[in-house]
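S.K.: Quick one: the structure is below, questions incoming.
The values are calculated or read from the model by the stated rules, or taken from the named source; none is laboratory data. Just so you know, these numbers come straight off a predicted model, no measurement behind them. All Cβ positions, even for glycine, are placed from backbone atoms using ideal geometry, and neighbour counts span all protein chains on display. For accessibility, only protein heavy atoms count, side chains too; no ligands or nucleic acids. Shrake-Rupley method; radii C 1.70, N 1.55, O 1.52, S 1.80 Å.
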Amino acid sequence: MSSPALPGPSLPGSSLNAARRARELAEARGLVVDVLVVGLGATGAGAALDAASRGLSVAAIDACDLAFGTSRWSSKMIHGGLRYLARGQVGVAGESAVERGALLARTAPHLVRAAPYLLPLTPRVSRVQAATVMAGYRLGDGLRAAAGTPRALLPGPARISARRALELAAPLAPDGLRGALLSWDGRLSDDARLVVALARTAAAHGARILTRCRALALAGDGAEVRDEPTGDVFTIRARSVINATGVWAAGLDPDIPLRPSRGTHLVLRPESLPGLRAGLHVPIPGEGNRFALVLPQDDGRVYVGLTDEPVDGPVPDVPEAPEEDVTFLLGVLNSVLAAGIRREDVAGAFAGLRPLLDAGGRGRDGRTDGSGGRGGKGGRTADLSRRHALLVSPGGAVTVVGGKLTTYRRMAEDAVDLAVRLRGLTAGASRTARLPLVGYLPPGTAARGRLEARYGAEAAAVRSLAAGDPALAEPLPTGVIGAELVWAVRHEGALDAGDLLDRRTRIGLVPEDRAAALPAALAALEYGTG
């Protein structure tokens with residue numbers, strides 16, 4: 001079924017779809033590109049954008065879909081690294097504050113905004129601990145100022161009364177509540193949508209974005225690749241190669257010393273915590289500077305996370321949240337609530353694996369990453385540094401590991417810088433610290449509705465698509481409409497129902513909601529290619 005011409009993408013050349021993939025896949029077989037990026041999570045998509053925006057020719061591949069791995073399993077926070085500051089990792093915290101400011105003010109204000117968080121001052125939080133945390137908040141606010149982020153975009157911390165705390169977080173237990181510490185940090189509308197925006201912006205600058213292309217072997221001058229839909233194996237040749245496969249990096253370079261860490265989140269339905277208008281920092285018993293996070297989402301759901309547990313053995317494509325993680329998180333959450341959340345109230349759960357570099361491993365240009373040896377084998381992954389590292393294989397491929405979602409852009413820039421230098425490529429300096437992503441809307445844009453928070457300047461085009469067919473305006477679970485699914489097929493590279501339900505939207509985080517929306521997803525795939 002065809003539809004009339006409608007408003008298109010906000011950035012010319014940014015549309016990703018099955019037809020473009022087929023065309024560029026054929027082209028990639030006969031070219032030698034300047035940069036081949038393997039992995040299309042946040043860092044890989046960021047590297048593709050960084051390289052393409054410098055004028056380099058780029059092919060970027062992923063075995064599955066955009067944001068299929070760790071980048072869709074985060075807490076959706078863009079944060080200033082307060083925890084790292086508390087552990088003395090001032091460099092990591094400062095870098096986080098700078099990158100947070102870039103996203104809030106210049107590159108993706110349509111996807112990132114400030115959100116409030118409360119640390120409830122319950123009897124379990126001593127006055128000394130409260131004073132220590134507030135001091136940390138004020139130091140973090142100093143990093144905000146040093147990074148040049150306006151206070152209008154990220155308000156400062158404050159202590160509030162118990163009454164005000166209950167107005168912002170009605171589910172809190174009032175007995176013994178002395179008030180709360182209020183802080184602000186950045187929050188993404190959706191981490192997977194950030195990756196889609198990065199990949200589409202890279203495509204607008206000429207990068208070939210090829211999902212369902214699995215790297216079987218890497219060298220410094222290219223990769224052996226399998227087209228997953230057909231099974232066809234071929235070679236993509238390149239002058240430089242960047243391995244940005246995160247926790248799966250060791251599968252392409254066995255010498256990479258990774259120590260994966262599992263972070264689990266629970267998914268609660270909106271009615272589980274009515275009146276929750278701010279996120280919560282809940283102290284984890286026995287941990288001086290670790291907190292569980294209670295994170296209200298734009299779709300009304302609430303995420304509760306997250307764990308930090310070492311993972312041994314093979315790395316699965318889709319990690320599972322073990323029952324012990326669910327029990328642990330429920331226990332921490334219920335320690336501050338008036339009415340406890342039961343196991344049957346948990347509508348879903350998800351887990352992601354952090355690609356942490358093991359202590360003593362190689363770092364930038366093959367040297368150690370400077371994490372000081374804490375958290376070596378047998379130690380806790382919670383103690384491993386979140387500093388990213390660049391490793392160079394004997395064949396010359398650059399691997400980027402470690403880090404976190406907030407600092408994806410800096411990780412990508414550093415990886416491209418190193419690849420350019422090692423291979424003697426001609427390229428200018430990175431532009432991505434000030435390069436707006438597809439859908440950009442200026443900070444503070446008025447009339448910010450649900451679609452604006454997900455599509456930015458393209459929200460009007462999505463609405464027009466719905467206006468052209470009443471069936472596409474019908475709401476699905478979480479408030480998604482059919483027009484969003486069709487838009488994802490035509491412009492965001494979605495190739496199957498999993499892409500639509502599990503990454504372009506997050507309907508699939510709750511199995512019952514996924515089943516209810518599946519017919520609409522299948523219809524959108526047919527409609528979007530008609």
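S.K.: Do the conditions hold for Pro150, that is, is it touching a strand residue (DSSP E or B) at 6+ places or on another chain (Cβ under 6 Å) and touching a residue at least 24 places away in the same chain (Cβ under 8 Å)?
M.R.: Values: touching a strand residue (DSSP E or B) at 6+ places or on another chain (Cβ under 6 Å): no; touching a residue at least 24 places away in the same chain (Cβ under 8 Å): yes.
Here the answer is no, as Pro150 does not meet what is asked.
S.K.: What's the total number of residues in the stretch 107-123 that are in a strand (DSSP E or B) and either hydrophobic (A, V, I, L, M, F, W, C) or free of Cβ contacts under 8 Å to residues at least 40 places away in the same chain (or both)?
M.R.: 5
S.K.: How many of the residues making up the stretch 81-113 are of a type in the set (Asp, Glu) and open to solvent by 30 Å² or more (accessible area, probe 1.4 Å)? Steps first, please.
M.R.: Filtering the stretch 81-113 for residues of a type in the set (Asp, Glu) gives 95, 99.
Narrowing the set further to residues that are open to solvent by 30 Å² or more (accessible area, probe 1.4 Å) leaves 95.
So the answer is 1.
S.K.: For the condition open to solvent by 40 Å² or more (accessible area, probe 1.4 Å), outside any loop (DSSP other than H, G, I, E, B) and farther than 30 Å from Leu252 by Cα, what is the one hit in Arg421, Arg410, Arg490? Spell out the reasoning first.
M.R.: Working: Arg421 fails: farther than 30 Å from Leu252 by Cα; Arg410 fails: farther than 30 Å from Leu252 by Cα.
Residue meeting the stated conditions: Arg490.
S.K.: Of (1) of a type in the set (S, T, N, Q); (2) over 23 Å from Thr230 (Cα atoms); (3) at pLDDT 95 or above, Asn17 satisfies all except one. Which?
M.R.: Single failed check for Asn17: (2).
S.K.: Identify all residues within the stretch 296-316 that are closer than 12 Å to Gly352 by Cβ and assigned to a loop (DSSP other than H, G, I, E, B); write none if there are none.
M.R.: Scanning the stretch 296-316 gives Leu306, Thr307, Asp308, Val311, Val315, Pro316.
S.K.: Next question, about the same structure. Any residue in the stretch 130-152 that is more than 30 Å from Leu509 (Cα to Cα), part of a strand (DSSP E or B), among the aliphatic types (A, V, I, L, M) and out of contact with any Ser or Thr (no Cβ under 6 Å at 6 or more places or on another chain)? Show your work before the answer.
M.R.: Just the residues of the stretch 130-152 that are more than 30 Å from Leu509 (Cα to Cα), to begin with: 130-152.
Right, trim to part of a strand (DSSP E or B) and you get none.
Looking through the stretch 130-152, none of the residues is more than 30 Å from Leu509 (Cα to Cα), part of a strand (DSSP E or B), among the aliphatic types (A, V, I, L, M) and out of contact with any Ser or Thr (no Cβ under 6 Å at 6 or more places or on another chain).
S.K.: Quick one: how many residues across the stretch 212-234 are open to solvent by 10 Å² or more (accessible area, probe 1.4 Å) and either touching a Pro at 6+ places or on another chain (Cβ under 7 Å) or closer than 24 Å to Asp496 by Cα (or both)? Break it down stepwise before answering.
M.R.: Within the stretch 212-234, the first condition is being open to solvent by 10 Å² or more (accessible area, probe 1.4 Å), and the residues that meet it are 212, 214-219, 221, 224, 226, 228-234.
If we keep only those that are either touching a Pro at 6+ places or on another chain (Cβ under 7 Å) or closer than 24 Å to Asp496 by Cα (or both) too, we end up with 212, 214-216, 226, 228-234.
Selection size over the stretch 212-234: 12.
Each row is one residue, and each column tells you yes or no for (1) among the β-branched types (Val, Ile, Thr); (2) surrounded by fewer than 21 Cβ atoms within 10 Å (Cβ to Cβ).
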| position | (1), (2) |
| --- | --- |
| Leu435 | no, yes |
| Pro442 | no, yes |
| Thr445 | yes, yes |
| Ala453 | no, yes |
| Ala483 | no, no |
| Thr505 | yes, no |
| Glu512 | no, yes |
| Leu518 | no, yes |
| Ala523 | no, yes |
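S.K.: Please verify whether Ala52 is in contact with a His (Cβ under 9 Å, 6 or more places away or on another chain) and part of a helix (DSSP H, G or I), treating the condition exactly as stated. Write out each step before concluding.
M.R.: Working: in contact with a His (Cβ under 9 Å, 6 or more places away or on another chain): yes; part of a helix (DSSP H, G or I): yes.
Answer is yes for this residue.
S.K.: OK, next. Can you tell me which residue is farthest from Leu353 (Cα to Cα) among those in the stretch 244-271 that are over 18 Å from the mean Cα position of the chain (by Cα) and in a strand (DSSP E or B)?
M.R.: My answer is Leu268.
S.K.: Further, regarding this structure: Need the failing condition index for Glu167 against (1) closer than 28 Å to Thr432 by Cβ; (2) of a type in the set (Asp, Glu); (3) in a helix (DSSP H, G or I), just the number.
M.R.: The number of the failed condition is (1).
S.K.: Check off (1) within 17 Å of Leu266 (Cα to Cα); (2) surrounded by fewer than 18 Cβ atoms within 10 Å (Cβ to Cβ); (3) in contact (Cβ under 8 Å) with a residue 24 or more places away in the chain for Phe328 and give me the number that stays unchecked.
M.R.: (3) is the only condition that Phe328 fails.
S.K.: Same structure again: Of all residues in the stretch 272-294, count the ones that are among the hydroxyl-bearing types (Ser, Thr, Tyr) and assigned to a strand (DSSP E or B). Spell out how you get there, then give the answer.
M.R.: Restricting attention to the stretch 272-294, the residues satisfying the condition of being among the hydroxyl-bearing types (Ser, Thr, Tyr) are 272.
Then drop every residue that is not assigned to a strand (DSSP E or B), which leaves none.
Looking only at that region, the number is 0.
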